[in-house]
Amino acid sequence: MLLVKLLFIFLLSFFLIKLIIKNATNLGLVDVPNERSSHKNITPRGAGIGFGLAFFICNLFCDFELFISNWYVFLSIFLVFIIGILDDHKDATPKAKFYVIFISTLLLYFFDVSINNLGYYFGFELSLWYLALPFTMFALAGFTNALNLIDGLDGLAASITIVILSSFLYIGFINNDDLIVSISLSVIVSLFAFLYFNWNPAKIFMGDSGSLFLGFVISVVAVLSLKYIHPIAVFYLTAVPIVDTLVVMTRRIRKGKSPFSPDKTHIHHILLNFFGSKVKKTVFFLILMQVLFSLVGLFLALNSEEIGNKIGSSVALVAFIGISMLFYMIFTGIYKRQKLLEKLARRKRGRKGL
């Protein structure tokens with residue numbers, strides 16, 4: 001039965017994405033390059049509609065009892081999926097997306113899917129109490145946006161999501177949690193179908209229907225996993241989008257800019273220049289980076305009881321902050337060097353023009 005389900009979702013995702021590619025222009029689902037784009041040609045977008053629909057259809061028909069008993073989880077994901085589709089058509093404002101994520105988080109909160117405790121650090125328990133809802137909202141909205149921000153290179157967001165969800169799939173499997181397993185596995189399989197079309201050079205992009213959907217799915221699965229693992233493990237299991245967001249926003253704030261202002265200073269932009277505009281090499285590097293973080297995260301997850309009762313959680317937190325600061329210094333240094341070389345190259349061209 002499991003094999004039939006996996007084959008069904010792969011083929012359905014593949015078929016729907018191919019259908020979107022064929023009708024992208026008529027549907028108004030095309031991506032026109034701008035100064036921040038890494039592609040030069042007009043490309044279909046909205047593949048998230050394809051693999052998102054495959055996810056819902058498959059879980060509804062192949063795991064009906066699980067789907068109905070956890071309807072609030074699937075409904076919350078569906079709401080974010082819908083606002084992503086509207087955003088692909090340029091019919092959704094940032095405020096509308098925020099409201100939808102808030103409503104989805106509120107729905108989950110009423111069914112006890114929330115972050116209530118952050119564990120022990122330096123001898124103190126960080127229990128959220130009445131701050132559970134606003135913190136859960138902040139965490140889910142923050143990570144959903146973080147995943148959206150790394151969707152800048154062919155195959156990157158999908159590959160990172162597969163690595164992240166593979167870790168949560170394992171956690172769900174060893175704890176016999178059918179919901180975590182079903183969500184993680186079905187998304188992973190649907191993304192393999194998407195990668196066939198999205199691997200460099202991409203025939204289609206996932207669009208916000210895909211990135212918002214994936215970011216929220218990871219967020220929900222992470223919160224569900226807190227029943228079994230220490231919260232600090234989640235930071236490592238979802239590290240690349242989090243570190244990228246921290247690095248970029250810190251740099252923008254230090255420059256006196258809004259942390260939400262768009263630019264080309266994300267880690268994947270810097271690495272792409274560093275690797276000589278080689279997209280595949282950049283994507284493989286970031287996949288490896290997430291794999292290494294995930295291995296540490298799984299170690300922490302599998303030893304959550306020991307880590308939670310000792311100083312391990314404090315050490316893991318300090319280590320994560322230290323790693324984030326190290327990446328900030330490294331990538332800021334590389335970025336400054338790249339800008340200096342570009343400035344020198346422009347001066348050299350200017351002299352030749354004279």
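The values are calculated or read from the model by the stated rules, or taken from the named source; none is laboratory data. Everything numeric here is computed off the predicted structure, so don't read it as measured data. Because the Cβ atoms are built from the backbone with ideal geometry, glycine has one as well, and the counts that use them run over all protein chains shown.
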Those residues of segment 170-180 which are surrounded by fewer than 22 Cβ atoms within 10 Å (Cβ to Cβ) and assigned to a helix (DSSP H, G or I) amount to Y170, F173, I174, D178, L179
Looking at (1) in contact (Cβ under 8 Å) with a residue 12 or more places away in the chain; (2) closer than 30 Å to L7 by Cβ; (3) among the aliphatic types (A, V, I, L, M), which is the one condition that is false for M137?
(2)
Can you tell me how many residues in segment 135-169 are crowded, with 21+ Cβ neighbours inside 10 Å and in contact with a strand residue (DSSP E or B) (Cβ under 9 Å, 6 or more places away or on another chain)?
2
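Hey, among S190, S186, S166, which residue is within 14 Å of the chain's Cα centre (by Cα) and of a type in the set (S, T, N, Q)?
Details: S190 fails: within 14 Å of the chain's Cα centre (by Cα); S186 fails: within 14 Å of the chain's Cα centre (by Cα).
That would be S166, the only listed residue that is within 14 Å of the chain's Cα centre (by Cα) and of a type in the set (S, T, N, Q).
Could you tell me which of the residues S313, S304, S294, S324 is polar (S, T, N, Q), touching a Gly at 6+ places or on another chain (Cβ under 7 Å) and surrounded by 14 or more Cβ atoms within 10 Å (Cβ to Cβ)? Working first, answer last.
Numbers: S304 fails: touching a Gly at 6+ places or on another chain (Cβ under 7 Å); S294 fails: touching a Gly at 6+ places or on another chain (Cβ under 7 Å); S324 fails: touching a Gly at 6+ places or on another chain (Cβ under 7 Å).
Step by step, each of S313, S304, S294, S324 is checked, and only S313 is polar (S, T, N, Q), touching a Gly at 6+ places or on another chain (Cβ under 7 Å) and surrounded by 14 or more Cβ atoms within 10 Å (Cβ to Cβ).
Which of the helices (runs of 4 or more DSSP H) found entirely inside segment 242-354 contain at least 1 residues meeting this: in contact with a Pro (Cβ under 6 Å, 6 or more places away or on another chain) and of a type in the set (D, E)?
Values: elements: 267-274, 279-302, 304-309, 312-353.
Output list is empty.
Of everything in segment 60-70, what is part of a helix (DSSP H, G or I) and either of a type in the set (D, E) or buried (at least 20 other Cβ atoms within 10 Å of the Cβ) (or both)? Give them in sequence order. Lay out the reasoning, then the answer.
Looking only at segment 60-70, we keep the residues that are part of a helix (DSSP H, G or I), and these are 60-62, 64-69.
Within segment 60-70, E65 is the sole residue that qualifies.
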Which of the residues belonging to segment 94-144 are of a type in the set (D, E) and at positive phi?
D112
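Could you list, in sequence order, all residues of segment 120-134 that are outside any strand (DSSP E or B), surrounded by 15 or more Cβ atoms within 10 Å (Cβ to Cβ) and in contact (Cβ under 8 Å) with a residue 24 or more places away in the chain?
Within segment 120-134, the subset outside any strand (DSSP E or B) is 122-123, 128-134.
With the extra rule that they be surrounded by 15 or more Cβ atoms within 10 Å (Cβ to Cβ), the set shrinks to 128, 132-133.
Matches in segment 120-134: L133 only.
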I'd like to know if segment 249-267 contains one or more residues that are within 19 Å of the chain's Cα centre (by Cα), at pLDDT 95 or above, crowded, with 17+ Cβ neighbours inside 10 Å and more than 27 Å from S127 (Cβ to Cβ).
no
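Take segment 191-233 and flag every residue that is in a loop (DSSP other than H, G, I, E, B) and under 17 Å from T105 (Cβ atoms).
If we filter segment 191-233 for residues that are in a loop (DSSP other than H, G, I, E, B), which is where we start, we get 199-204, 206, 226-230.
L226, the sole residue that qualifies.
This table checks each residue for (1) acidic (D, E); (2) surrounded by 20 or more Cβ atoms within 10 Å (Cβ to Cβ); (3) in a loop (DSSP other than H, G, I, E, B); (4) free of Cβ contacts under 8 Å to residues at least 40 places away in the same chain.
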residue: Y72; (1), (2), (3), (4): no, no, no, no
residue: L75; (1), (2), (3), (4): no, no, no, yes
residue: I82; (1), (2), (3), (4): no, no, no, yes
residue: I85; (1), (2), (3), (4): no, yes, no, no
residue: D91; (1), (2), (3), (4): yes, no, yes, yes
residue: A96; (1), (2), (3), (4): no, no, no, yes
residue: I101; (1), (2), (3), (4): no, yes, no, no
residue: S104; (1), (2), (3), (4): no, yes, no, no
residue: L107; (1), (2), (3), (4): no, no, no, yes
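Any residue in segment 117-130 that is touching a Ser or Thr at 6+ places or on another chain (Cβ under 7 Å) and under 26 Å from S182 (Cα atoms)?
Within segment 117-130, one or more residues are touching a Ser or Thr at 6+ places or on another chain (Cβ under 7 Å) and under 26 Å from S182 (Cα atoms).
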